[in-house]
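Structure, as structure tokens:
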Amino acid sequence: MQTSQDIKKYYQETWENIKKNRFSYTTSWQLSRRLTELSDEIVIQACKLAGETDGIAVVALGGYAREQMAPYSDIDILILHKGRMNKNYERFISEFTTLMWDIGVNPGIQVKDIKEVTKAALEDEVIRTSFIDNRFLFGTRKNYDEFVKLVNDKVMEKGKYEFLMMKIDGVRSRNNKFRDSIFRLQPNIKEGNGGVRDINTIYWICKILYKTQSLQETVKHNILTNAEYDKLIENSEFLFRVRDELHYYHNRKYDVMSLESQMEIAKNLGYTATSSVQSVELFMRDYYLMAKTTAEITQKVINRTLAELSKKLFSKKVFSVRLSDGFVQYANTLTVESKNLFDDNPRRLISVFTYSALKGLKLADSTADLIREKAHLIDDEFRLNHGALFLKAISSFPNSSRIVSNMAKCGVLQAMIPDFANIICRPQFDYYHHYTVDEHTYLAMSFLDKMTGSLPPHLEAYQAAFNRLKRKDLLALALLLHDVGKGQGKNHSTTGARMAKGICKTLGMGLEDTAIVCSMVENHLLMSHISQRRDLHSIEVINRFASYLSSVQELDILFLLTYADMNAVGGESFNEWKNSLLKELHEKTMQALNNEDMEQEYNAVVTRRREKLEERCKLAPELFAASQMLDDEYIFSTKVSHIMSYLSMAVKISAENPIEIEVDSRQDLDTMQIV
């Protein structure tokens, strides 16, 4: 007879062998099934060692029941007994639980009397969800059959539509919590959009509505198309493969792909670098593309399911409202009168996005699909003829971010600017950027959208520049293209400027406008670099920066572009210190561009401050003598009150007192200053 140590040794050796040979499995499903088989063997052996099981059924739940085990997944088990708890039941449960922990697996064990099943499930959503997926393992089969009947007839049927709505609301809550997790550089592959939970949600919808474990049933009921089903299966296989490698990397259950783990997973999955792109960037781009597609499919499934539920739960009919230009409002969505709408007038491929934004309507899934189907109508002639309309659309503040991201989802942005397709879901493998290039761009545009609303006082300079700017379309296009050169080589600014020139030409833009956009793209990092790394009190620095600009309009565009770009990096990258420096550079450069005599102003400030110092130092000749040694640049850049404070500290320095320290709170910069 086997002992617990025998089982433990077998489990560990087999588990390690599976890990060692995991790449011999053609798909991640095969690996999951093999891990499930091993878990089944261990559970059954533990049941046999635990003693008498008459009146007890041991049931697999959740992902374990679905045979979707990852290397460190919990083994979720229901121990089902009939009748009151007796000593035999207690002995078995105690022995079995102890054995499972001794063997070294991760058991999640529930114990239920059959009579408790219905009540427990209906009172607790987590328990109810766990009961959806179940599989008999060992013991009294009759108990399991009774459990299945209860789950199907009472648990799943009673309030099933309300339960389904709870699962859909769960997706929405996760989407809000992990709103941008798809595009985060360290995504959560389980809870994030397009992750394991989304795939599970589609499976649960299928199970609850159609009482089947086969996702193909969704195709029969028009919840998924054949193409969507095939893509979902392909993406799921990839995602589960990544999850397996993530578990192996951390040697535990873990769902966040750190930058370090990404490199190892990319290597293990066979990605190789090119001359311009790292292997990890190639891997992560595949991940982002698949997660994005999975999230979109999940949302379509939810929308179609809600439409079906509405028919069954509500007798109230939803009426459509005919709008202008062939568009129709149906509930809170925008749809079209005819599938030929875009063939009849292709310019609507652009106007549909501004129209939906202005009306506050979502694009219906069918409309979005139709736009994707008709995007081929956008050719060189279309771009040339409707370039101005496109520029107007992307600069429709405060809706520019929504319009641009919706254009990208429907393929119109990539059709209008083919080069933009290269940065869709492109990762930026560093600790500075938090998002993929495209998501960073949409987020940057959202910061410009906010310029049309109410802003706090410390942002008024940006709003003033925005309101002053006459050519907001040039700002929008420059921001849209500022990172278009990424993934094309080392200097993405120079490469991007070269690409921007061709893009502007295809949109029918004039030479002057093209020059402005290209200059902004090429120099989009310049203002942040100078403001943070150069002496802004130096006239030479200001004049040199001003030499890159030919007008206040260009300065305002670069100012706003820099502000939006820095904010969209993520985290706390843009702080009050950077904000203060950026505004100071903008103000001084504006003076230079307006032909104000900066040298004359400089000399006047220095003279005025020296006079104030002399007045204040009348009764302290040692301070006045020290002030005479200060150069003009220091006098210009430092307030008189601060100079007096520093001079007072300086004269206290002696051989006996070589160090003098003062701590000052700078409320204007939200910092502590140590002198």
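What the table shows:
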quantity	calculated
Length added when fully stretched, ASP379-LEU269, from 0.36 nm per residue minus Cα-Cα	35.8 nm
Set of aspartates and glutamates with alpha-carbon distance to LYS652 below 15 Å, sequence-local pairs under 8 removed	GLU622, GLU660, GLU662
Net charge over other residues, Cβ less than 14 angstrom from the Cβ of ARG33 (K, R count +1; D, E count -1)	-1
Straight-distance crosslink candidates among aspartates and glutamates, where the alpha carbon sits under 19 Å from LYS154 and sequence neighbours closer than 8 are dropped	ASP113, GLU116, GLU123, ASP124, GLU125, ASP133, ASP145, GLU146, GLU162
DSSP bridge pairs, the chain: antiparallel proportion in percent, nearest 5	70 percent
Accessible area in the full protein assembly, largest first, 1.4 Å probe, for LEU282, LEU384, LEU555	LEU384, LEU282, LEU555
Accessible surface of the chain, 1.4 Å probe, proportion on carbon and sulfur as whole %	49 percent
Solvent accessible area, Å² - GLU460, 1.4 Å probe, full protein context	100 Å²
5 angstrom amide H check on VAL111, placed H, neighbours 5+ away	ILE79
Solvent accessible area, Å² - TRP15, 1.4 Å probe, full protein context	20 Å²
Amide H partners (placed H, <5 Å) of PHE138, local residues excluded	VAL58
Relative contact order (%) - criterion: Cα under 8 Å, at least six apart; region: the chain	8 percent
Gyration tensor (alpha-carbon) shape descriptor, the stretch 413-519, a/c threshold 1.5	oblate
Helix axis angle, 598-616 relative to the chain longest principal axis, alpha carbon, degrees	80 degrees
Accessible area (Å², per residue) of the chain, counting only protein heavy atoms and a probe of 1.4 Å	48 Å²
3J(HN,Hα) from dihedral phi, the stretch 125-142, Karplus parametrisation 6.51/-1.76/1.60, rounded to Hz, x for glycine, proline	4, 5, 5, 4, 5, 5, 6, 4, 9, 8, 7, 6, 10, 6, x, 7, 4, 4
Exposure of HIS221 as accessible area (Å², to 10), given a probe of 1.4 Å and all protein chains	80 Å²
Nearest 10 degrees, 0 to 90: helix 279-313 Cα axis against the chain principal axis	60 degrees
Those residues of the stretch 108-136 whose amide nitrogen sits under 18 Å from the label point placed on MET85, 7 Å along Cα→Cβ	108-121
Placed amide H near LEU363: partners under 5 Å, 5+ positions off or other chain	LEU334
Sequence-distant aspartates and glutamates (8 or more away, or on other chains) whose Cα lies within less than 15 Å of LYS588	ASP535, GLU540, GLU554, ASP556, GLU596, ASP597, GLU599, GLU601
Solvent-accessible ranking of ARG84, ARG426, largest area first, probe 1.4 Å	ARG84, ARG426
Accessible heavy-atom area order of TYR271, TYR442, highest first, probe of 1.4 Å	TYR271, TYR442
Restraint check, LYS362/LYS583; LYS8/LYS48; LYS300/LYS486, Cα-Cα greater than 26 Å	LYS362/LYS583; LYS300/LYS486
³J(HN,Hα) computed for each position of the stretch 579-586 - Karplus, 6.51 cos²θ - 1.76 cosθ + 1.60, integer Hz, glycine/proline x	4, 5, 5, 5, 5, 5, 5, 4
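The values are calculated or read from the model by the stated rules, or taken from the named source; none is laboratory data. All values derive from a computational prediction rather than experimental measurement. So basically every Cβ, Gly included, is an ideal-geometry build from the backbone, and we count neighbours across all protein chains shown. In case anyone asks, the SASA skips ligands and DNA or RNA and just uses the protein heavy atoms, side chains included. Shrake-Rupley method; radii C 1.70, N 1.55, O 1.52, S 1.80 Å.
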